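Take a look at this one; I'll ask things after.
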């Protein structure tokens, strides 16, 4: 018999995907250039010429048996070593190759990190607002996701609420900085306080609590932002990374897990992830993608458009009277809706061909997300439309 | 706390991998050309020039945003449609795009197929000899693997034993034809009888029994072999495929699941697999690999070396007095060892720098596997060494 638990999931469509499909369909009616589609977090800038050239050179010059050969299940050793060295250079860490596990994007990285440090019935704490897929990622490991409510004045951490959520069953804490959907990065003060509280609770409970830091937006950081590297502050940190955003390679499914060398069992965690991968059909990212990103570790696509777009939108939204925290990075902004029901708010915006995502699924009702990984020219054109919308629907000037 | 169940797996090293590592180390001592390394099932022929040219052209000419964009979680629609059409042309099937789920190799395909049609505590029947990783693939779904003992005279199916293994809890039956490690393909008679027995048991138990057919070696079929396409014979067939062997692309991690259009819930199974992928961090194969294999669906690498090697080894082994069934495909041959303990037999062979894999882990003690995906010249040089080994150790002439 087919598995009913998966069958039932078929009715739970992703809100983001539904809106994105609507935007595409609407684009076919009125021209996609007239749909202000802020639904999907898809990079809008190409990968680097260097990445493209590297792959072409590899295909032309190198032995197909080598570049298309099986990768060891933990990743190609030279690639793991190069990732470690790049992180050490950039963040003053002491990773070795053995601390790196190559994964098929951040989703693959998280799947392994969760399984390595929790067992079914353990609790994993997540801070709202959060990427809705975390629910599925965690649920299928058998662990329980515990949500700390959002601190909406600045989207840092509500430490009283966090303290209340921590208990003997807490085995991992998941953070995502800079954050999807808020665009906010945890500042030094937040990370220090988080680290101190986790250290104290480890003492109190007499067991490790792992900090799983999901960082696909790490390279998209705006001017003046205080966005420290969490693993520098807390020994039991497992960092999950993806090249999807930094090198605009979402379709290549490549990322990694980096285990802090000071983490408990640091020397065996990557090997354990190799064992985990056998049970979930993972088998590491493409060998050619591994070899190609190895050549591009210290570079990114031209990500400047995201900051340009953020500034345009932040100023416009503030002008229009929205409550909104200025993003420190990512390509998201996260204003408070003009009515309590953000679903209704976004539904009304749709009539203006403004595609906004209500944040109920992100654990933050009353807010909405705009993914501004789109052309700047379209952002500019969307602003008068946005103004028309809020004037007509909410009487804003 | 780290998950003890994975930690304990660290001591269970793969026999194949250990032997392969030994062969590599030994090669550093005496020159790898002097190590007759039959351990690993790694393709020994390059991918096609057409595949290489396709990727280069794509990287040079196409929009990086398109080729590196997110693939839908079920796979790129045009690729799914093209896979369906290729299977229809070749096997007289009626697949549509909606019946194809793109997966990261056969391991990814199996991970989804198992989860889609079983739930924890269900039973999945596997026939010995079998690929040892099946144990891990199945165990981590929570289902129970039930092994049907081998029929060593021809490595077809022992139907009495199969009948005895089937019960109300049987939700899926896994076959692998042509087979790793025996090299044997199930013939028409076997598939017909298997299909009839499954149909009868479905009636008897009042529920579906799914046939999961793992076919990474489908294109490596030798002259005169009777190796039919199982899905033609049984409606509830879910076919798992990988391009690792046919196009020599093991490192690209690309394959698919093909759901027989006549299968129960055929129209939703691929969508269910999309849901499953959310929980295990799968997120489909690389977009560029999908787009590239789409252009190469009806071609293969030059696979003729495998048949050449098989014939050399089959004749030599038969000459030396081994009991061995002639392979119909793959790049494996599976003789009976010259003593009851195949581990001891392979251990003795190691002294001659012959690297053979004992089949205890394949569910078939007393046999050993040779992976002859190596240069023909080396196969030829290995034969006198093999003769010396069996003469000196077992008194064979």
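The values are calculated or read from the model by the stated rules, or taken from the named source; none is laboratory data. Bear in mind the structure is a predicted one, so any value in this text is a computation, not a measurement. In this analysis, Cβ positions are derived from the backbone assuming ideal geometry, glycine residues included, and neighbour counts consider all displayed protein chains.
On the given criteria, is residue B:198 facing chain A (nearest Cβ under 10 Å) and more than 30 Å from residue B:370 (Cα to Cα)?
no
Residue by residue, here is whether (1) surrounded by 21 or more Cβ atoms within 10 Å (Cβ to Cβ); (2) in contact with a strand residue (DSSP E or B) (Cβ under 6 Å, 6 or more places away or on another chain); (3) assigned to a strand (DSSP E or B); (4) within 12 Å of chain A (Cβ to nearest Cβ) holds:
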site: B:80; (1), (2), (3), (4): yes, yes, no, no
site: B:98; (1), (2), (3), (4): no, no, no, no
site: B:107; (1), (2), (3), (4): yes, no, no, yes
site: B:114; (1), (2), (3), (4): yes, no, no, yes
site: B:120; (1), (2), (3), (4): no, no, no, yes
site: B:138; (1), (2), (3), (4): yes, yes, no, yes
site: B:151; (1), (2), (3), (4): no, no, no, no
site: B:155; (1), (2), (3), (4): yes, no, no, no
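How many residues are assigned to a strand (DSSP E or B) and under 20 Å from residue A:153 (Cβ atoms) when one looks only at segment A:364-384?
Of the residues in that region, 4 qualify.
Just a yes or no: is a residue in segment B:257-266 surrounded by fewer than 23 Cβ atoms within 10 Å (Cβ to Cβ), in contact with a strand residue (DSSP E or B) (Cβ under 7 Å, 6 or more places away or on another chain) and not in a loop (DSSP other than H, G, I, E, B)?
Looking through segment B:257-266, at least one residue is surrounded by fewer than 23 Cβ atoms within 10 Å (Cβ to Cβ), in contact with a strand residue (DSSP E or B) (Cβ under 7 Å, 6 or more places away or on another chain) and not in a loop (DSSP other than H, G, I, E, B).
Among the candidates A:324, A:305, which residue alone is under 21 Å from residue A:395 (Cα atoms), within 21 Å of the chain's Cα centre (by Cα) and buried (at least 18 other Cβ atoms within 10 Å of the Cβ)?
A:324
Further question on the same structure: What's the number of the condition residue A:58 fails, among (1) in contact with a helix residue (DSSP H, G or I) (Cβ under 9 Å, 6 or more places away or on another chain); (2) surrounded by fewer than 18 Cβ atoms within 10 Å (Cβ to Cβ); (3) under 21 Å from residue A:297 (Cβ atoms)?
Residue A:58 satisfies all of (1) in contact with a helix residue (DSSP H, G or I) (Cβ under 9 Å, 6 or more places away or on another chain); (2) surrounded by fewer than 18 Cβ atoms within 10 Å (Cβ to Cβ); (3) under 21 Å from residue A:297 (Cβ atoms) except (2).
Identify, from the list A:19, A:40, the residue that is touching a strand residue (DSSP E or B) at 6+ places or on another chain (Cβ under 7 Å), in contact (Cβ under 8 Å) with a residue 60 or more places away in the chain and not in a helix (DSSP H, G or I).
A:40
Let me ask something else about it. Going through B:251, B:281 one at a time, which residue ends up being surrounded by 21 or more Cβ atoms within 10 Å (Cβ to Cβ), at the interface with another protein chain (Cβ under 10 Å from one of its Cβ atoms) and touching a strand residue (DSSP E or B) at 6+ places or on another chain (Cβ under 8 Å)?
Of the residues listed, the single one that is surrounded by 21 or more Cβ atoms within 10 Å (Cβ to Cβ), at the interface with another protein chain (Cβ under 10 Å from one of its Cβ atoms) and touching a strand residue (DSSP E or B) at 6+ places or on another chain (Cβ under 8 Å) is B:281.
Let me ask something additional. What is the number of the single condition among (1) modelled with pLDDT under 95; (2) in contact with a helix residue (DSSP H, G or I) (Cβ under 7 Å, 6 or more places away or on another chain); (3) assigned to a helix (DSSP H, G or I) that residue A:312 does not meet?
(1)
If you go through segment A:126-134 one residue at a time, do you hit one that is within 12 Å of another protein chain (Cβ to nearest Cβ), in contact with a helix residue (DSSP H, G or I) (Cβ under 9 Å, 6 or more places away or on another chain) and not in a loop (DSSP other than H, G, I, E, B)?
Checked segment A:126-134: at least one residue is within 12 Å of another protein chain (Cβ to nearest Cβ), in contact with a helix residue (DSSP H, G or I) (Cβ under 9 Å, 6 or more places away or on another chain) and not in a loop (DSSP other than H, G, I, E, B).
While we're looking at this one, here's another question. In the same structural domain as residue A:130 (by TED's automatic domain parsing), touching a residue at least 40 places away in the same chain (Cβ under 8 Å) and over 22 Å from the mean Cα position of the chain (by Cα): does that describe residue A:188?
No.
Sticking with this one: Please go through segment A:50-73 and pick out each residue that is modelled with pLDDT of 95 or more, more than 9 Å from chain B (Cβ to nearest Cβ) and under 25 Å from the mean Cα position of the chain (by Cα).
A:50
To continue, here is another question. Out of A:13, A:28, which single residue is at negative phi, assigned by TED's automatic domain parsing to the domain that holds residue A:384 and either assigned to a helix (DSSP H, G or I) or in contact (Cβ under 8 Å) with a residue 24 or more places away in the chain (or both)?
Answer to the selection: A:28.
Out of the residues in segment A:201-214 that are touching a helix residue (DSSP H, G or I) at 6+ places or on another chain (Cβ under 9 Å) and not in a strand (DSSP E or B), state the one that is surrounded by the most Cβ atoms within 10 Å (Cβ to Cβ).
Top of the filtered list is A:209.
A follow-up question, please. List the number of the failed condition for residue A:361; all other conditions in (1) at pLDDT 95 or above; (2) within 26 Å of the chain's Cα centre (by Cα); (3) in a helix (DSSP H, G or I) hold.
Residue A:361 satisfies all of (1) at pLDDT 95 or above; (2) within 26 Å of the chain's Cα centre (by Cα); (3) in a helix (DSSP H, G or I) except (1).
Also: Looking at B:234, B:217, which one is surrounded by 21 or more Cβ atoms within 10 Å (Cβ to Cβ), in contact with a helix residue (DSSP H, G or I) (Cβ under 7 Å, 6 or more places away or on another chain), assigned to a loop (DSSP other than H, G, I, E, B) and more than 14 Å from chain A (Cβ to nearest Cβ)?
B:234
Quick one: which residue in B:288, B:318 is in a helix (DSSP H, G or I), under 30 Å from residue B:105 (Cα atoms) and modelled with pLDDT of 95 or more?
B:288
I'd like to know if segment B:260-269 contains one or more residues that are outside the structural domain of residue B:307 (by TED's automatic domain parsing), touching a residue at least 40 places away in the same chain (Cβ under 8 Å) and under 30 Å from residue A:145 (Cα atoms).
Among the residues of segment B:260-269, at least one is outside the structural domain of residue B:307 (by TED's automatic domain parsing), touching a residue at least 40 places away in the same chain (Cβ under 8 Å) and under 30 Å from residue A:145 (Cα atoms), which makes the answer yes.
Another question, then. Restricting attention to segment A:168-175, does a residue exist that is surrounded by fewer than 23 Cβ atoms within 10 Å (Cβ to Cβ) and assigned to a loop (DSSP other than H, G, I, E, B)?
Yes, because at least one residue in segment A:168-175 is surrounded by fewer than 23 Cβ atoms within 10 Å (Cβ to Cβ) and assigned to a loop (DSSP other than H, G, I, E, B).
For segment B:336-352, indicate whether the set of residues that are in contact with a helix residue (DSSP H, G or I) (Cβ under 9 Å, 6 or more places away or on another chain), free of Cβ contacts under 8 Å to residues at least 60 places away in the same chain, crowded, with 19+ Cβ neighbours inside 10 Å and part of a loop (DSSP other than H, G, I, E, B) is non-empty.
yes
Of (1) farther than 30 Å from residue B:178 by Cβ; (2) modelled with pLDDT under 95; (3) touching a helix residue (DSSP H, G or I) at 6+ places or on another chain (Cβ under 8 Å), residue B:44 satisfies all except one. Which?
Of the numbered conditions (1) farther than 30 Å from residue B:178 by Cβ; (2) modelled with pLDDT under 95; (3) touching a helix residue (DSSP H, G or I) at 6+ places or on another chain (Cβ under 8 Å), the odd one out for residue B:44 is (1).
Exactly one of these conditions fails for residue A:356: (1) in contact (Cβ under 8 Å) with a residue 12 or more places away in the chain; (2) surrounded by fewer than 23 Cβ atoms within 10 Å (Cβ to Cβ); (3) touching a strand residue (DSSP E or B) at 6+ places or on another chain (Cβ under 9 Å). Give me its number.
Here residue A:356 meets the rest and fails (2).
Given the conditions (1) buried (at least 18 other Cβ atoms within 10 Å of the Cβ); (2) in contact with a strand residue (DSSP E or B) (Cβ under 6 Å, 6 or more places away or on another chain); (3) in a helix (DSSP H, G or I), and given that residue B:195 satisfies all but one, which numbered condition is not satisfied?
With (1) buried (at least 18 other Cβ atoms within 10 Å of the Cβ); (2) in contact with a strand residue (DSSP E or B) (Cβ under 6 Å, 6 or more places away or on another chain); (3) in a helix (DSSP H, G or I) applied to residue B:195, the lone miss is (2).
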